[in-house]
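Here is the structure we will look at.
Every read-out reported here was derived from the displayed coordinates using simple, explicitly stated rules and does not represent laboratory data. Fair warning: this is a prediction, and the values are worked out from it, not measured in the lab. Because the Cβ atoms are built from the backbone with ideal geometry, glycine has one as well, and the counts that use them run over all protein chains shown.
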Amino acid sequence: MNIVLKQDKSTQALVYANLLPLFGVLFLHWTVIDILYTYWLETLIIGVITVMKMLKTKMIALDESSKNMPFTQKTSAAIIRTFLVGFFIFHYGGFLSGYFFFIFGVFPAIFRLFDHVGSYNISALGIFISAAGLFASHWISYKQNFIGKNESKKTNIMYTMFAPYKRIIVLHLTIILGMFSVILATVGIPKILSSLNYDSAKLIPTVLNSVVLGLFIWLKIVIDKKYHLREHFELELKQTL
């Protein structure tokens with residue numbers, strides 16, 4: 001079967017929102033730390049939106065509509081829903097905490113190890129604006145797809161709970177790979193060139209920072225867009241089967 005993934009306003013909003021960090025890198029001299037903070041906030045936003053979806057999802061299990069349940073079953077369904085929402089908050093919160101520790105603990109230690117200068121001059125206002133744009137993107141998708149296209153009636157709470165993990169795991173493996181690429185590009189290469197007595201070696205980290213982070217953000221946009229389209233296509237496909 002040929003799969004045609006249609007782009008809509010939510011997809012466009014996703015791309016435009018992800019261009020904000022790219023603008024910060026290319027024109028505001030953002031560093032890897034700014035990007036990590038921004039994507040941590042996006043991960044938090046995805047978790048909040050997922051909880052909203054889990055509370056709104058009409059189906060507790062496949063082919064089991066809560067509207068048609070007797071009172072006792074509705075009570076049981078409400079208990080199950082509450083438990084699953086609580087479990088997701090606990091589990092996803094642990095994931096966020098680990099990611100937070102990585103940003104504030106492990107990654108700065110790696111920078112200190114490589115004597116990376118100027119890595120802690122974060123742009124708080126820029127990060128807030130980018131996070132606001134990313135929130136708007138996920139909110140538009142929630143309103144347009146989950147509510148407007150009745151995705152809440154096409155899925156179940158278990159699918160909704162695990163849906164963000166597939167996307168986030170791939171994205172964050174890409175983030176980790178990208179961040180270490182930045183270290184290699186902005187620290188390792190200039191040191192090698194300095195050892196070879198290249199006078200321009202001091203200018204290279206700034207240029208490489210923009211180039212490598214720019215490529216990394218572009219890759220993140222491609223992956224994010226792909227998973228966004230696939231997720232909503234699968235829900236549309238369920239409706240037609």
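Assuming R0 = 30 Å, can you tell me the calculated FRET efficiency for the pair residue 97 and residue 56, based on Cβ-Cβ distance, to the nearest 0.05?
On the way: r = 26 Å, r/R0 = 0.86.
The pair residue 97/residue 56 has a calculated efficiency of 0.70.
Among the listed pairs 143/166; 154/225; 9/154; 53/226; 153/220, which are separated by more than 26 Å between their Cα atoms? Don't skip to the end; give the middle numbers.
Values: 143/166 21 Å; 154/225 21 Å; 9/154 20 Å; 53/226 21 Å; 153/220 30 Å.
Exceeds cut-off: 153/220.
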